[in-house]
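Heads up, the thing below is written out as structure tokens.
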Amino acid sequence: MNKQKVEEYFQALEKVLTEKDISKKPKMIWNMDETGKSFEHDPVKVLAEKGTRNVPGRTSAMSTHVTIVACVNAEGQKMSPLLIVQGKTERSVFGFNTTEAPSGTMWDYQDSGWMSDRIGEKWFKDIFLKQCGVERPQLLILDGHSSHESLALIQEGIRENIVNFVFAATHHSLFTTVGSFSIWPIQ
């Protein structure tokens, strides 16, 4: 991790918090990130003679990938999650027990099961803006994934007085690992 980049990031963050007068308002400081979960089938048990080398195992060619989008504020409040599944149509969601998901969970689909501009914009309008509260301005900290920097999302943030504070992370979940990054505050 580059010490200078870390210092620059926190200096820029402190500047935004001070300029927007929200440094002492943790309920107005949000962090959103997504992480993927792959559901692989376990290999079946295979019988072989004791001492045999290179015993072939089998696994199913089928695997399911789900992206989980979560957002929390500095006070510890969380928003409804967004779950993105692999698929080409809305029917892709039907294979999941959506009724057992946390209350308010939004489901969507995408060819690879990852975040896209369309889904990022939908999350911003249908989850973030509806659940962040009416007080403005608010700060939304995002990593540098392209879906977090779409023109439509930036324009909507400006209209709603939401500061999108973006930095490019090595694409690991920011909930668990912080990678090296550069700063791109969007105001």
Worksheet entry | Computed accessible area, Thr99, all protein chains, 1.4 angstrom probe, square angstrom | 120 Å²
Item to complete: Sort His65, His145 from largest to smallest accessible area, using a 1.4 Å probe on the heavy atoms of the protein chains.
Response: His145, His65
Worksheet item: What ranking of Val6, Val134, Val163 comes out by heavy-atom accessible area, probe 1.4 Å, highest first?
Response: Val134, Val6, Val163
Worksheet, complete the sentence: Descending accessible area (1.4 Å probe), largest on the left, turns Ser150, Ser103, Ser38 into Ser103, Ser38, Ser150
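The values are calculated or read from the model by the stated rules, or taken from the named source; none is laboratory data. Everything quoted here is computed from the prediction, not taken from an experiment. For the accessible areas, the whole protein counts, side chains as well, though only heavy atoms, and no ligand, DNA or RNA atoms are used. Shrake-Rupley method; radii C 1.70, N 1.55, O 1.52, S 1.80 Å.
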